[in-house]
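> Please find one structure pasted underneath; my questions will follow.
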Amino acid sequence: MQLIVGLEIHVELKTNSKMFCSCGTRFGAPAGSQCCPICMGLPGTLPLLNEEVVRLGVIAGAALHSEIQPYSSFDRKQYFYPDMPKGYQITQHFHPLCLGGWLTLPESGKRIELEEMHLEEDSGKLVHDTDSSYINLNRCGIPLLEIVTKPVIENGDQAYEFLSLLRDTLVCSGVTTGKMQEGALRVDVNVSLGNVNSNSGMYRTEMKNLSSFRAVRMAIDHEGERQKKLLDDGIKPLSETRRWDEKGGFSEPLREKGNAIDYRYLPEPDLLPLFISEDFIHQCKKSLPILPEETLLRLITIPNMKSNQASILANNRQLLACFDAAYARTRDAKRILNWLLGDYRAIAKKNNLSPENPPFDPNDFAELMNLSIERDLNYQEIRNKMMLMCRL
Ligand SMILES: [Zn+2]
């Protein structure tokens, strides 16, 4: 028996306006100040697709090695909830934007494969006071990309590692801010115990809207333990949606899957299907920077490079440029990492400099590292030279 975990990640796309209207998307705007009849789906309104949403979706697809579909379309997912006055959510159910894809975890080399990715709109938010409840519709129509992994994740640590790399990749591509505290990234977790090859796990529990990677890791491991205990006692766990209580560190049932809602999906009649040209995909691919996955896989093969150090470098262009320049000259990763990630960042913190953006040129740093070896400089001499480079 082994833990089988699949993730569904809702990523807020970084656009200035919403998915189907010109309302703003600024986080923290006064409640109700960013919504219009289209967001609310009032009779007589028509959605108009924001091209930037498609562009960011395609960029995300390219960054995650996904097959961008030349044809995709929108559908209505119908359910009643007070935070969604339209009575349905526009999503891509039958023909999603992207199929497949993957990210490779640098340390283990394990490939986390993706099932699909689709565009959809967010719903509003219920705010509960002591004696009344309010609805804030600012989030209605905020563009989301939902990324669905295959059930290939084996434990909480792996999920944590995957999510960190996913967020870094999407932030680096300019697709999202990745700010979890602002709801820009939310994770649903599906957990069952079984045999991956026999595709067993006849049941599956789901925990929705986890708002930190730490919570995801804890929820997965805790849920695995809970199911194992049940199975050891000869009880088959129920297929159900559970709520993860982050403060208490436990989960509790919300509703049984047997009572799952029938969403009555139907093709959205007010939006044309999306035809995406080869040329558009090519332009999006061309705009991608070198991504953390590629950098990490390169860095992790360097002797003396620890995974957390590789991760810092992969997510900071300036630090990476310094490392690369110095490593090309000296091949002494340990010395470079000590100075760049240790001493420089300590100096930066003390003197109000940016730890991520050193004020010196990568070539000057490379020269300093080279000099320190050639002239066998002592610690204080190197440090003094570094302070000079920082104009301190
Ligand atoms: Zn609007």
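The values are calculated or read from the model by the stated rules, or taken from the named source; none is laboratory data. Fair warning: this is a prediction, and the values are worked out from it, not measured in the lab. All Cβ positions, even for glycine, are placed from backbone atoms using ideal geometry, and neighbour counts span all protein chains on display. Remember, those area values only see protein heavy atoms, side chains included, never the ligands or the DNA or RNA. Shrake-Rupley method; radii C 1.70, N 1.55, O 1.52, S 1.80 Å.
> Can you name the strands (runs of 3 or more DSSP E) wholly within the stretch 167-250 that have at least 3 residues being free of Cβ contacts under 8 Å to residues at least 60 places away in the same chain? I'd like the intermediate steps shown before the answer.
Values: elements: 185-194, 205-210, 240-245.
Of the strands (runs of 3 or more DSSP E) lying wholly inside the stretch 167-250, those with at least 3 residues that are free of Cβ contacts under 8 Å to residues at least 60 places away in the same chain span 205-210, 240-245.
> If you go through the stretch 332-342, how many residues are of a type in the set (Lys, Arg) and open to solvent by less than 30 Å² (accessible area, probe 1.4 Å)?
Number of matching residues: 0.
> From the residues in the stretch 167-190 that are open to solvent by 40 Å² or more (accessible area, probe 1.4 Å) and of a type outside the set (D, E, K, R), which one is farthest from ALA62 (Cα to Cα)?
The qualifying residue farthest from ALA62 (Cα to Cα) is GLN181.
> Which of (1) within 16 Å of the ligand (Cβ to nearest atom); (2) buried (at least 22 other Cβ atoms within 10 Å of the Cβ) is the odd one out, the single condition PRO37 does not satisfy?
Condition not satisfied by PRO37: (2).
> Taking only the stretch 51-77 into account, find how many residues are in contact with a strand residue (DSSP E or B) (Cβ under 7 Å, 6 or more places away or on another chain), within 19 Å of HIS10 (Cβ to Cβ) and open to solvent by 30 Å² or more (accessible area, probe 1.4 Å).
The qualifying residues number 2.
> Hey, among ARG383, ARG345, ARG329, ARG391, which residue is open to solvent by 40 Å² or more (accessible area, probe 1.4 Å), out of contact with any Gly (no Cβ under 6 Å at 6 or more places or on another chain) and outside any helix (DSSP H, G or I)?
ARG391
> In addition: Condition first: of a type in the set (Gly, Ala, Ser) and modelled with pLDDT of 95 or more. Can you find one or more residues in the stretch 91-103 that meet it?
Yes, the stretch 91-103 contains a residue that is of a type in the set (Gly, Ala, Ser) and modelled with pLDDT of 95 or more.
> Keeping to the stretch 11-24, report how many residues are assigned to a loop (DSSP other than H, G, I, E, B) and within 10 Å of the ligand (Cβ to nearest atom).
Adding up the residues that qualify gives 6.
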